[in-house]
Ligand code: SF4
Ligand code: FES
């Protein structure tokens, strides 16, 4: 396949960026999108040009490192798929593809397609954990949890922290990300003792990081590579309301 790529190039947060056009030739349909960019970068390096910077690590859809906009869609056109798992067979020969970084105030651009997502880490640090002494491993059957509850908690726990939900939300809200962690912990008995403090602190941190507010648009759910349900945001709101009432 031959493609025309319009890629956002920006040397640093302080400098102005712009789209640069590249020809990508002899691309195999079996390459992943990141492998296609690796291939492009090899050519750029051979010509003494700067390679396009992007984040990646596992390339198996589990670490959350990768992510950028492809033709205006977070992680590209395939539902429930990270860019490292997106293959070039989903594009057409001769197609023009626009590639740009996550755009959100809370995600400053580091370089090209790389953004600083440490704001998400600070939301987790504010309360996205269980601070109990672990001790010996408990017998698996000593705390019984209904299967449907365990399934909901597991679904919420699949969030990989990629930030696609923020990037695709017109308000740049981190509500899906934050609510996934709050839901996972609030549903399980281990998370109950700290649930009030957790939701208050995480929501406060989310606001402090300049993420926008959720207005139920739903782009977050549509773009999430782990298909986290927007129901988790409703759960977060109920937890927050309960915490506020408890405080009063
Ligand atoms: S909720 Fe989905 S889109 Fe948002 S950070 Fe988690 S995995 Fe990524
Ligand atoms: S590189 Fe780990 S999820 Fe894409």
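The numbers here are math on the coordinates, done by the rules we state, and not lab data. In this text the structure is predicted, and so the values were computed from the model without any measurement. Every residue, glycine among them, receives a Cβ derived from its backbone with ideal geometry; neighbour counts consider all protein chains shown.
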Computed [θ] at 222 nm, helices only, for the chain once each DSSP H run of length n ≥ 4 contributes -39500 (n - 2.57): -10500 deg cm²/dmol
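Once you have a ≥ b ≥ c as the square roots of the Cα gyration tensor eigenvalues for the stretch 1-78, tell me rounded if a/c is under 1.5, and otherwise prolate or oblate according to whether a/b is larger than b/c. Walk me through the numbers on the way to the answer.
Working: a/c = 1.43, a/b = 1.08, b/c = 1.32.
The shape class here is rounded.
Before anything else, pin down the relative contact order of the chain: Cα pairs under 8 Å, at least 6 apart, normalised by residue count, whole percent.
Details: 434 pairs, mean separation 48.5, N = 248.
Answer for the chain is 20 percent.
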Relative contact order, percent, the stretch 97-235 [alpha-carbon distance under 8 Å, six or more residues apart]: 31
Pair residue 244, residue 2: separation of 7 Å Cα→Cβ label points (nm): 5.9
Whole-Å semi-axes of the chain's equivalent ellipsoid (Cα gyration tensor): 38, 20, 16
Rounded tilt (10° steps) of 175-187 against the dominant C-alpha axis of the chain: 40
Projected label distance in nm at residue 143 and residue 207, using a 7 Å step from Cα toward the beta-carbon: 3.0
Degrees, to the nearest 10: 33-46 long Cα axis against longest axis of the chain: 40
Between 0 and 90°, nearest 10: helix 231-247 axis offset from the chain longest Cα axis: 40
Residues residue 105 and residue 216, FRET efficiency given R0 of 25 Å [Cβ-Cβ distance, rounded to 0.05]: 0.75
Reciprocal of mean inverse Cα separation for the stretch 131-223 (Kirkwood radius, Å): 14.7
Relative contact order (%) - the stretch 1-76, alpha-carbon pairs under 8 angstrom, separation at least six: 18
Distance (nanometres) between label positions extended 7 Å along Cα→Cβ at residue 234 and residue 90: 2.8
Gyration tensor over alpha-carbon atoms, the stretch 90-139, equivalent ellipsoid semi-axes in Å: 40, 19, 7
Relative packing of 9-21, 121-133, 138-150, 187-199, which averages over residues the other C-beta atoms within 10 Å, highest first: 187-199, 121-133, 9-21, 138-150
Residue 59-residue 11 FRET efficiency (beta carbon distance; Förster radius 22 Å; 0.05 resolution): 0.30
For the stretch 61-117 and the stretch 176-225, distance of Cα centres in Å: 23
